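The values are calculated or read from the model by the stated rules, or taken from the named source; none is laboratory data. Predicted, not measured: the structure shown is a model, and the values here were computed from it. Glycine gets a Cβ as well: all are built from the backbone with ideal geometry, and neighbour counts include every protein chain shown. Just the protein is used for accessible areas: all its heavy atoms, side chains included, with ligands, DNA and RNA removed. Shrake-Rupley method; radii C 1.70, N 1.55, O 1.52, S 1.80 Å.
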Amino acid sequence: DGALNYLWGELKNVLPEKEFEELRDEQRTWIAQKEEAVETAGKEFEGGSLYTMVVNTEAATITEKRVYELFELLK
């Protein structure tokens, strides 16, 4: 999350306002999709000892992919 937030701040500084607004809308959609994917990944393990690991791993994987996507926008 730290890398994601850092890149977000950098993009806010370098992108034209209109492009950043579009990216912000895209980010809101991404957040909703991430939350849904994490919830889905954890469904099978609700109440179990693996639940936390499964949802955290899913969230980390999705966030890592997004970090690379945002990094590409800075190039």
Query raised in the report: Got a number for residues in region 23-75 being in contact with a Leu (Cβ under 7 Å, 6 or more places away or on another chain) and either open to solvent by 100 Å² or more (accessible area, probe 1.4 Å) or modelled with pLDDT under 95 (or both)?
Result: 2
Report task. Select from region 56-75 the residues that are over 14 Å from residue 35 (Cα atoms) and in contact (Cβ under 8 Å) with a residue 24 or more places away in the chain and list them in ascending order. Result -> 67, 70, 71, 73, 74
Query raised in the report: Mind checking which pairs have a first residue in region 16-44 that is at positive phi and a second that is surrounded by 13 or more Cβ atoms within 10 Å (Cβ to Cβ) and of a type outside the set (A, V, I, L, M), Cβ under 8 Å, 6 or more apart or different chains?
Result: none
